[in-house]
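Inspection log for the structure reproduced underneath, given as structure tokens.
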2 protein chains.
Amino acid sequence: MKITRMHGAGGKVMQNLIGDVILGSLTNTQVNGGIGLQDLDDGSTIPIGDNEIVFTVDGHTVDPIFFKGGDIGRISVCGTVNDLSVMGAKPLALSMSFVLPEGFDIDKLKEIMDSINKACEEAGVAVITGDTKVSNVSDIIISSAGIGIVEKGKAVRDKGMKEGDSIIVTGNLAEHGLTILLSREGFDLESNLKSDVAPVNGLIQSVLNEGITINAMKDPTRGGLADSLNEMAEKSGLGITLQEDQIPLSEEVNFISEALGIDPLTVANEGKVVMAIPKKDAEKALEIIKNHPLGKNAKIVGEVTSEHKGVIMETLVGRRVVDTPIGDPIPRVC
Amino acid sequence: MKITRMHGAGGKVMQNLIGDVILGSLTNTQVNGGIGLQDLDDGSTIPIGDNEIVFTVDGHTVDPIFFKGGDIGRISVCGTVNDLSVMGAKPLALSMSFVLPEGFDIDKLKEIMDSINKACEEAGVAVITGDTKVSNVSDIIISSAGIGIVEKGKAVRDKGMKEGDSIIVTGNLAEHGLTILLSREGFDLESNLKSDVAPVNGLIQSVLNEGITINAMKDPTRGGLADSLNEMAEKSGLGITLQEDQIPLSEEVNFISEALGIDPLTVANEGKVVMAIPKKDAEKALEIIKNHPLGKNAKIVGEVTSEHKGVIMETLVGRRVVDTPIGDPIPRVC
Ligand SMILES: Nc1ncnc2c1ncn2[C@@H]1O[C@H](COP(=O)(O)OP(=O)(O)OP(=O)(O)O)[C@@H](O)[C@H]1O
Ligand SMILES: Nc1ncnc2c1ncn2[C@@H]1O[C@H](COP(=O)(O)OP(=O)(O)OP(=O)(O)O)[C@@H](O)[C@H]1O
Ligand SMILES: [Mg+2]
Ligand SMILES: [Mg+2]
Ligand SMILES: [Mg+2]
Ligand SMILES: [Mg+2]
Ligand SMILES: [Mg+2]
Ligand SMILES: [Mg+2]
């Protein structure tokens, strides 16, 4: 068996590889009883004193490395900050591991570093360690790990949603992935679309600061909302009912994804969050989120139920299953 | 200006890139007053309660990925464990970020995972988080970050050596780099040389457990012992005098490096440590180290002095300066 693009595209094919070959090979996947690799959450934790250290990593091979709304440097910061943030943690520090091609322009590297710095300032995190290699890669690759901190037992899990919870999506979907696709095809200048890549820790903190409990939370990156919701449903043993007319999608995204035959629910986002919140707090949470610059287009898109498993969407023409995608339709999206 | 292989080879060229372009672009490089990126140590720290979390990362693009004595999986674990260990920390957890080429054999990935698992068991660490991407790279790339823990204020720094300290090297040098070179040239089967790649946390712990203070410590990876000693000298403002006849080098390494015109002091090691230890404890430390399976060939190789800066080696034919190498003579060594 050989690796295909789908093994790196989120979704089922990648999940199987991770479950069978990676997780299946490892004996030690957990420290001090914290959240471990076997939980396959956005990050893992190491309990220390009254806190848990949260640890996560993402590698980035996005093509092209500069695109409307961001670049590989900005994604490297935000991707990792966001995985820490959806664990309910306060992001503290990042590592930056670079693999550079021979002949790479040092001015481009400077531009990427400036973008990393700006994103770090936005998110309030520091780059405290790194590594630099030169190899025969086609373009710069950045892997960024991150450390955050959360009060012991307060980490927000994928699996935590409860019957009756409202599902909130913090803004318009599919903008990152479609922007990448358009720039690859040279259509980016004719469109207003730009990547949503942004650090979401401030947005999430604004909800938590009001004492609202978030029962489950993910950043819908590769594989999009469809992948995240299915994971939340599966891990909780519950189901989700979505209202199609409530899902935030810009007109442009609707138009482009219809033209290309791509389901925007399976496309990657880099500055969005999906949360399960107790119904009684959902309107209040929505209001807080809508007051944040990154949450203007937030919506309550559905509800958690025990009446079915998986994700079902109510549409104008009836109900349809929203399945875990085989993989994100846009390769090398992040 | 363009990136050259030397920018990824340890040594002066890489140091300049990191100092000017990387560190020079970043505003936030430190958390809670811990050891920060500006210290350019083997890892950085985040003080939390009575402890400091130690954080480090290394990317690996070694060519070939399987070689005598190890493979990219084993290096990925040991490289990161060792950077944590030379900070005086107890390594706890690793992240594993993979970039795989399309068409990569899944059986090879399994072999690498088994090797990762074995090295983790040896070192007593867990893999708790990771990421998987597929991209057009020529071979698998692994970036592994790591978290360790050390009592507050007890981290061992590059800069900490003191006048009169003895310099200990824990075993024969240059075996990793030369093994890589030989396998690349197809000469590996004719030689007994194999990589020294191994986790050194147990070895270091055996010294610390006896209450011996280690004033400064590094793992002499890319750029070899020459690079590590110069960094320790420069950061402390002191000098080091080496005794050439005490430097542990196997006959085979001596033979090969003479034949190839490579200075073994500039070649990478992946299972060695260099320590500065107060003279009064040096013999005891040496004995402890020699009793550890990884330390059989350890030697006291020199002494810290305030009489000169930098590193000077006493040889049969007089004294010579051991300078920071421009870069490791063997590219893609780790
Ligand atoms: N190479 C790997 N080694 C160990 N664990 C891995 C590896 N790749 C992925 N994982 C684990 O699998 C789970 C899913 O990984 P995934 O990368 O999809 O999560 P994510 O970072 O939230 O999503 P994205 O990468 O799209 O932002 C995580 O728990 C992650 O730690
Ligand atoms: N891309 C980068 N971003 C931020 N810091 C970096 C980067 N590359 C290197 N550094 C920092 O520069 C210093 C030297 O890095 P280097 O990789 O040489 O250390 P090392 O890991 O001990 O050596 P080796 O990689 O050969 O094992 C470290 O403090 C490291 O954190
Ligand atoms: Mg995530
Ligand atoms: Mg992620
Ligand atoms: Mg390094
Ligand atoms: Mg080191
Ligand atoms: Mg290292
Ligand atoms: Mg990931």
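Numbers for the structure displayed
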| read-out | value |
| --- | --- |
| Looking only at the stretch B:102-135, and only at residues there that are over 22 Å from residue A:32 (Cβ atoms) and of a type in the set (Ser, Thr, Tyr), the one that is farthest from ligand 2 (Cβ to nearest atom) | B:132 |
| Pair list, Cβ < 7 Å and 6+ apart or interchain, from the stretch B:125-154 residues that are among the acidic types (Asp, Glu) to residues that are in a loop (DSSP other than H, G, I, E, B) | B:139/B:63; B:139/B:65; B:151/B:50 |
| The stretch A:211-229, subset hydroxyl-bearing (Ser, Thr, Tyr) and buried (at least 24 other Cβ atoms within 10 Å of the Cβ), residue nearest to residue A:196 (Cα to Cα) | A:221 |
| Strands (runs of 3 or more DSSP E) enclosed by the stretch A:114-176 - at least 3 residues per element that are within 20 Å of the chain's Cα centre (by Cα) | A:141-151, A:166-169 |
| Tabulated pairs, the stretch A:81-102, first on the phi > 0 side of the Ramachandran plot and without any contact (Cβ under 8 Å) to a residue 40 or more places away in the chain, second part of a strand (DSSP E or B) and among the small types (Gly, Ala, Ser), C-beta under 9 angstrom, 6+ apart or interchain | none |
| Verdict on residue A:139 being touching a Ser or Thr at 6+ places or on another chain (Cβ under 8 Å) and either facing chain B (nearest Cβ under 7 Å) or not aliphatic (A, V, I, L, M) (or both) | yes |
| Exclusive hit being farther than 16 Å from residue A:278 by Cα and within 14 Å of chain B (Cβ to nearest Cβ), set A:144, A:183 | A:144 |
| Residues (assigned to a loop (DSSP other than H, G, I, E, B), facing another protein chain (nearest Cβ under 8 Å) and either within 16 Å of ligand 5 (Cβ to nearest atom) or closer than 19 Å to residue B:161 by Cα (or both)) located in the stretch B:37-53 | B:43 |
| Residue among A:76, A:95 that is assigned to a strand (DSSP E or B) and either among the polar types (S, T, N, Q) or within 26 Å of residue A:215 (Cα to Cα) (or both) | A:95 |
| Residue, nearest to ligand 1 (Cβ to nearest atom), within the stretch A:63-81, restricted to residues that are under 13 Å from residue A:125 (Cβ atoms) and within 13 Å of chain B (Cβ to nearest Cβ) | A:79 |
| Failed condition for residue B:75, given (1) within 16 Å of ligand 2 (Cβ to nearest atom); (2) out of contact with any helix residue (DSSP H, G or I) (no Cβ under 9 Å at 6 or more places or on another chain); (3) not small (Gly, Ala, Ser) | (2) |
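Here's the yes/no breakdown for (1) under 28 Å from residue A:63 (Cα atoms); (2) of a type in the set (Gly, Ala, Ser):
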| site | (1), (2) |
| --- | --- |
| A:246 | no, no |
| A:264 | yes, no |
| A:267 | yes, no |
| A:291 | no, no |
| A:299 | no, no |
| A:310 | no, yes |
| A:317 | no, no |
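No value in this document is a laboratory result; all are computed from the given coordinates. For clarity, every value in this text was computed on a predicted model and none was experimentally measured. A quick note on method: Cβ atoms are made from the backbone with ideal geometry, for glycine too, and the neighbour counts reach across all protein chains shown.
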